[in-house]
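The values are calculated or read from the model by the stated rules, or taken from the named source; none is laboratory data. These numbers were taken from a predicted model, which means no experiment stands behind them. For neighbour counting, all protein chains shown are included, and Cβ atoms are generated from backbone atoms with ideal geometry for every residue, glycine included. Protein only, heavy atoms only, side chains kept; ligands, DNA and RNA dropped before computing areas. Shrake-Rupley method; radii C 1.70, N 1.55, O 1.52, S 1.80 Å.
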Amino acid sequence: QVQLVESGGGLVQAGGSLRLSCAASGRTFISYVMGWFRQAPGKEREFVAAINWSGSSIFHADSVKGRFTISMNNAKTTVYLQMNSLKPEDTAVYYCAARESFIATTPRGPKDYDYWGQGTQVTVSS
């Protein structure tokens with residue numbers, strides 16, 4: 001089994017920055033895709049960003065393009081989400097996720113992923 005643990009969430013003022021980290025352990029397979037999702041109270045879990053195992057393909061949701069950046073360390077044990085120019089509408093619980101099998105298209109749905117972290121709260125005040 002794969003264990004994913006998020007960290008780095010907190011309270012920040014609008015316009016500020018945070019960097020989220022997701023540490024992965026116990027992997028016995030190649031995680032083809034690592035992704036970030038977020039979920040605000042009463043709303044559906046939405047796709048934020050994804051990166052493939054080699055780092056050669058990176059995708060960001062339109063709502064965060066130009067502000068958020070997903071990346072991964074060389075050992076492929078940690079995935080990051082650098083969040084700049086934060087807005088109140090970014091407030092949500094942020095989850096990292098891993099997909100263990102190959103997919104030709106960008107996995108943007110929660111059901112496309114096999115493992116999930118517990119989430120970390122990000123609150124942006126106005």
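Regarding the range 39-50, can at least one residue be identified that is in a loop (DSSP other than H, G, I, E, B), under 21 Å from GLN1 (Cα atoms) and open to solvent by less than 60 Å² (accessible area, probe 1.4 Å)? Before the answer, list the steps.
So in the range 39-50, the residues in a loop (DSSP other than H, G, I, E, B) come out as 40-45.
If we keep only those that are under 21 Å from GLN1 (Cα atoms) as well, we get none.
No; the residues of the range 39-50 include none that is in a loop (DSSP other than H, G, I, E, B), under 21 Å from GLN1 (Cα atoms) and open to solvent by less than 60 Å² (accessible area, probe 1.4 Å).
Determine which member of the set GLN82, GLN118 is under 12 Å from TRP36 (Cβ atoms), open to solvent by 40 Å² or more (accessible area, probe 1.4 Å) and in contact with a strand residue (DSSP E or B) (Cβ under 9 Å, 6 or more places away or on another chain).
On the way: GLN118 fails: under 12 Å from TRP36 (Cβ atoms).
Result: GLN82 is the single residue among GLN82, GLN118 that is under 12 Å from TRP36 (Cβ atoms), open to solvent by 40 Å² or more (accessible area, probe 1.4 Å) and in contact with a strand residue (DSSP E or B) (Cβ under 9 Å, 6 or more places away or on another chain).
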Where a residue in the range 89-107 is free of Cβ contacts under 8 Å to residues at least 40 places away in the same chain and its partner, wherever it lies, is surrounded by 15 or more Cβ atoms within 10 Å (Cβ to Cβ), with Cβ under 9 Å and at least six apart: GLU89/VAL124
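For the structure I just gave you, tell me whether THR69 is closer than 24 Å to LEU11 by Cα, open to solvent by 40 Å² or more (accessible area, probe 1.4 Å) and of a type in the set (Ser, Thr, Tyr).
Working: closer than 24 Å to LEU11 by Cα: yes; open to solvent by 40 Å² or more (accessible area, probe 1.4 Å): yes; of a type in the set (Ser, Thr, Tyr): yes.
It is true that THR69 is closer than 24 Å to LEU11 by Cα, open to solvent by 40 Å² or more (accessible area, probe 1.4 Å) and of a type in the set (Ser, Thr, Tyr).
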Contacts under 6 angstrom Cβ, first residue in the range 49-74 being farther than 17 Å from CYS96 by Cβ, partner of a type in the set (S, T, N, Q), 6 or more apart: ARG67/ASN84; ARG67/SER85
In the range 8-23, the residues that are more than 11 Å from MET83 (Cβ to Cβ), within 12 Å of the chain's Cα centre (by Cα) and among the hydrophobic types (A, V, I, L, M, F, W, C): CYS22, ALA23
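Based on what the data block shows, is GLN13 open to solvent by 30 Å² or more (accessible area, probe 1.4 Å) and over 29 Å from SER126 (Cβ atoms)?
Details: open to solvent by 30 Å² or more (accessible area, probe 1.4 Å): yes; over 29 Å from SER126 (Cβ atoms): no.
Spelling it out, it is not the case that GLN13 is open to solvent by 30 Å² or more (accessible area, probe 1.4 Å) and over 29 Å from SER126 (Cβ atoms).
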